[in-house]
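To start, the structure itself, in structure tokens.
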Amino acid sequence: MSPRTISESDFLLREKELIELARSLVEKECLTTLTIDKLVAAAPYSKGTIYKHFISKEDLLLAICNTCVEEIQALFVRALQFEGNSRERIIAVMVSYIIWAKLHPSQLFAVLSAHSPSVAACSSDERNATHHECEHKLMSLMNEEIGKAIDSGDFELPQNMCFEQVTFAMWSASWGAMALIMSKGDSVKLEPMILERESFTNARLVLDGFNWRPLSKDWDYSETIKRITHELFQPEIDALEKNGTPFIYI
């Protein structure tokens, strides 16, 4: 008897189901313990079927990462619809990033781990191509907003700098706060740190440093953050409340 074949659409639906199951395993247990065998044990499919979707544990990890980046991108798109000045829209992007990280704390580190060269080396060419495309779309959104800020007169690109450097400065400041605070464990030094407060402190330092107007001394961005959460992300804010990890307004 010839093996049963399924349509491409059904194959993609099954792959999405497996990725979501793997994501739930990451959140329930630990990223480092995720294996193909654990996915097989939790899934209603054989190991052979699952290997048709993921050629290795690293390929599965990159699939999770790509799905996460697509979710983050969708939040960024929503954030950039905020009706305000260019700096407020950048703040809205940072709000959306914090919300996503608090909703998916373990997967935040899955995204970081997927940048390891060993993950790329052990993943399929197709998965790597998708990863590069996802990250390109994410960076393009930010670069486009920088261009709009320049056109509006809110921002001047510093001499000898490109859009990508500005985007990287904002991303690294935001990511650094998340990674350090959310992985602090029993660190006494980091215990007083609050994710939202430190993230927006970093944002203020970076954006004021770039002279991105209105400067923080001239604008109440705490009110902007409240508007952003209530106008754009109320379902996610409600979900955080339900999870017992509410968004903290500073």
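The values are calculated or read from the model by the stated rules, or taken from the named source; none is laboratory data. Since this is a predicted model, take the numbers as computed values, not measurements. Here Cβ is always computed from backbone atoms with ideal geometry, including for glycine, and neighbour counts include all displayed protein chains.
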- Message: Checking the condition touching a residue at least 60 places away in the same chain (Cβ under 8 Å), within 30 Å of residue 54 (Cβ to Cβ) and over 22 Å from the mean Cα position of the chain (by Cα), which residue from 149, 121 passes?
- Response: 121
- Query: Looking at residue 43, is it closer than 17 Å to residue 126 by Cβ and surrounded by 12 or more Cβ atoms within 10 Å (Cβ to Cβ)?
  - Reply: no
- Taking residue 101, is it crowded, with 20+ Cβ neighbours inside 10 Å and assigned by TED's automatic domain parsing to the domain that holds residue 176? yes
- Query: Hey, which of the helices (runs of 4 or more DSSP H) in segment 171-249, taking only ones fully inside, have at least 1 residues that are free of Cβ contacts under 8 Å to residues at least 60 places away in the same chain and surrounded by 17 or more Cβ atoms within 10 Å (Cβ to Cβ)?
  - Reply: 195-209
- Task: Would you check if there is a residue in segment 175-198 being touching a Phe, Trp or Tyr at 6+ places or on another chain (Cβ under 7 Å) and acidic (Asp, Glu)?
- Result: yes
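Quick grid of which residues meet (1) β-branched (Val, Ile, Thr); (2) touching a helix residue (DSSP H, G or I) at 6+ places or on another chain (Cβ under 7 Å); (3) assigned by TED's automatic domain parsing to the domain that holds residue 73:
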site	(1), (2), (3)
167	yes, yes, yes
171	no, no, yes
175	no, no, yes
191	no, no, yes
199	no, yes, yes
204	no, yes, yes
219	no, no, yes
- Item | Odd one out for residue 5, checked against (1) free of Cβ contacts under 8 Å to residues at least 40 places away in the same chain; (2) assigned to a helix (DSSP H, G or I) | (2)
- Item | Only one of 211, 243 that is of a type in the set (S, T, N, Q) and on the phi > 0 side of the Ramachandran plot | 211
- Task: Go through the residues of segment 125-148 one by one and say whether even a single one is outside any helix (DSSP H, G or I), at pLDDT 95 or above, surrounded by 14 or more Cβ atoms within 10 Å (Cβ to Cβ) and among the hydroxyl-bearing types (Ser, Thr, Tyr).
- Result: no
- Item | Subset of segment 49-84 (residues that are charged (D, E, K, R) and surrounded by 19 or more Cβ atoms within 10 Å (Cβ to Cβ)) | 58, 59
- Task: Could you pull out every one of the helices (runs of 4 or more DSSP H) wholly within segment 8-52 that has 3 or more residues that are free of Cβ contacts under 8 Å to residues at least 24 places away in the same chain and under 24 Å from residue 108 (Cβ atoms)?
- Result: 8-28, 36-42
